[in-house]
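First up is the structure itself, then whatever we jot down about it.
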Amino acid sequence: MSTAPASARVVPTTPFADQRPGTSGLRKKVPVFRQPHYLENFVQAVLDVAAPPPGSTLVVGGDGRFLNREAVQVILRLAAANGVARCVVGRGGILSTPAASHLIRLRGAAGGILLSASHNPGGPDGDFGIKYNTANGGPAPEAVTEAIAARTRALTEYRTLDAADLPLDADGTHALGGMTVEVVDPVADYAALMESLFDFGAIRSLVAGGFRLRFDAMHAVTGPYAREILERRLGAPAGTVINGTPLPDFGGGHPDPNLTYAHDLVEEMFGADAPDFGAASDGDGDRNMILGRRFFVTPSDSLAVLAANATRIPGYARGLAGVARSMPTSAAVDRVAQALGLPCFETPTGWKFFGNLLDAGRITLCGEESFGTGSDHVREKDGLWAVLAWLNVLAARGEGVEAIVRAHWARYGRNYYTRYDYEGVAPDAAHGLMAALRARLASLPGTALGRGMEVAAADDFAYHDPVDGSASERQGIRVLFADGSRIVYRLSGTGTEGATLRVYIESYEPDVARQSMDAQEALRPLVSAALSLAEVQARTGRSEPTVIT
Ligand code: G1P
Ligand code: ZN
């Protein structure tokens, strides 16, 4: 163990007014985080609220984006000065979000501090983020994030150490003041967890039999994880993982695994000599996109297909306790739950709402339309887990991606689905649009938005957590139709510039003969009804969304 001299110091500070954590922690532009005391204030607020008991461990790591390395050192100094006994840090300050969640659970840590702005671009002008996860490995619940926000507004000082940076690029143990810092391999424990859940032998045989796969790490955190698991442990050829070297600015890209941003992968999967299977993950490794040869699997369908096939995966062979999806996610998984007689929960947007259900053993699988899928193995969504779950199902069924999804639709019906995002909208305009919709909610049922489009019900989604009884109101406006079609409007809680309006559109098609349409084509009338109902163009000044997924 190396020991660095360190002396504790109390630094007077003044609060920042903008440190309220959103859907996934505190996210701001890098220059905001680089203001003197900004990061320190937030970390002190986290430590004050988390109040790790004597002897406790914290897990610290991030997705490697710009500022990650410096921020880890700052956090370690504050943790040491605040009496934390031990910090477990991923080598190089790196931990994917699901790997961090696992490490918190594995080590019985009091919690973890995770550095990421997920799929948002990085670099000196990009985004940075920090969030606190609790002892269950999951994002802190709202009561905790509210307490952190309140604490940031009341801080007058923080405690740190005067100490040199620790060498974090090699595994080892160091003393920092009275605290022990343990630098660990960020991949090993996570890879072992994956190996315990999935039939690696079956996937290895699939790959050895000529099945071709491609994984796009988008120059973000999953590169080393995917290389270890897919190339080393499962025997996929070198080069299976593309854009596999994590870069602080993600190579200038937007590390969001969707059809717009994962362009290298999409080009190959929709090209002439497409592999059998393609997947991508995001900045911090919790999102996933699944593709077959010239075939896109919507995240909502992915959750439904995995739920329907879960018992083919060793880690889930005993069956599922239940499933959950976020409210805007399509109801495809609901149909599987109904067929299997499983409880199915509809929660507000954000992974943290799954935490109580997972902890209470009421659900095993859960997912969001925003390329998030996961299970009770950790308390975050997990990109590589979803990739391995698909590979396991493909190996077990011996069929291709498209064939499996089409068979699924034939049995359960197809939920056509799309999401329109309007980014960087003037906040007043976005809030005005939502307020106008809210004001009209009561009058909508019974009105026709177009031919055959009579509104059956409309509400502002509220959730009552069945485990702890907490209530979350105003979680998005739902316009429901009798045939199972839906329109949902909500404002993003993760953006860093202006407001982002999301409009989610879904229709249900039980007839196999009508399940092969292009989704945009199939949803056209509903989309235009959705946009005119909310007066999107007039209120936002946008004739086109920024992104369609
Ligand atoms: C977005 C997604 C949401 C996800 C979150 C964190 O939040 O919509 O499903 O949990 O990112 O990855 P939003 O910006 O919509 O608040
Ligand atoms: Zn993410």
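The values are calculated or read from the model by the stated rules, or taken from the named source; none is laboratory data. The structure presented is a predicted model; accordingly, all values stated were derived computationally and were not measured. Here the Cβ positions follow ideal geometry from the backbone for every residue, glycine too, while neighbour counts run over all protein chains shown. The accessibility values were calculated without ligands, DNA or RNA, using every heavy atom of the protein model including side chains. Shrake-Rupley method; radii C 1.70, N 1.55, O 1.52, S 1.80 Å.
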Inset, instruction - Please give the net charge around Ala279, taking every other residue with its beta carbon less than 10 angstrom from that of Ala279, where Lys and Arg add +1 and Asp and Glu add -1. - result: 0
Legend entry - Residue-averaged [θ]222 nm for the chain, counting only DSSP H segments that reach four residues, each worth -39500 (n - 2.57): -9500 deg cm²/dmol
Inset, instruction - Quick one: net charge around Glu182, please, counting Lys, Arg +1 and Asp, Glu -1 for every other residue with C-beta under 13 Å from its C-beta. - result: 0
Inset, instruction - Would you please report the Å³ per residue occupied by the convex hull of the alpha carbon atoms in region 141-241? - result: 194
Legend entry - Unit charges at the beta carbon, dipole of the chain: most positive-side option, Tyr416, Ile477, Val467: Val467
Inset, instruction - Find out how many positive minus negative residues lie around Val455, taking Lys and Arg as positive, Asp and Glu as negative, among other residues whose Cβ is under 12 Å from that of Val455. - result: 0
Inset, instruction - With a point put 7 Å past each Cα toward its Cβ, work out how far Asp273 is from Ala238 in nm, to one decimal. - result: 1.9
Inset, instruction - Please give the contour-minus-distance gain from Thr546 to Ala175: 0.36 nm per residue of separation, less the Cα-Cα distance, rounded to one decimal in nm. - result: 128.7 nm
Inset, instruction - Can you work out the accessible area per residue across the chain, with the rest of the protein chains kept in place, probe 1.4 Å, in square angstrom? - result: 36
Legend entry - Efficiency of FRET between Glu521 and Ser443 - r from beta-carbon atoms, R0 22 angstrom, step 0.05: 0.10
Inset, instruction - Calculate, axis by axis, the spread of Cα positions in the chain along the three principal axes, and write the results as whole Å, longest axis first. - result: 73, 58, 41
Legend entry - Thr156 accessible area, assembled protein chains, probe 1.4 Å, Å²: 90
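In whole Å, what three semi-axes, largest first, describe the equivalent ellipsoid of region 262-345 built from its Cα gyration tensor (square root of 5 times each eigenvalue)? Please report the intermediate quantities before stating the final value.
Numbers: eigenvalues 149, 40, 30 Å².
Square roots of five times the eigenvalues give 27, 14, 12 Å.
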Legend entry - Nitroxide proxy distance, nm - points 7 Å out along Cα→Cβ at Asp162 and Ser528: 7.1
Inset, instruction - Would you mind getting me the FRET efficiency between Thr260 and Thr14? Use the beta-carbon distance for r and R0 = 45 Å, nearest 0.05. - result: 0.65
Legend entry - Additional length obtainable on full extension of the chain from Glu402 to Ala471, 0.36 nm per residue less Cα span: 20.9 nm
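Suppose R0 equals 41 Å. What FRET efficiency, 1/(1 + (r/R0)^6) with r the Cβ-Cβ distance, do Arg294 and Glu497 give to the nearest 0.05? All intermediate terms of the calculation are to be shown ahead of the outcome.
On the way: r = 35 Å, r/R0 = 0.84.
E between Arg294 and Glu497, to the nearest 0.05, is 0.75.
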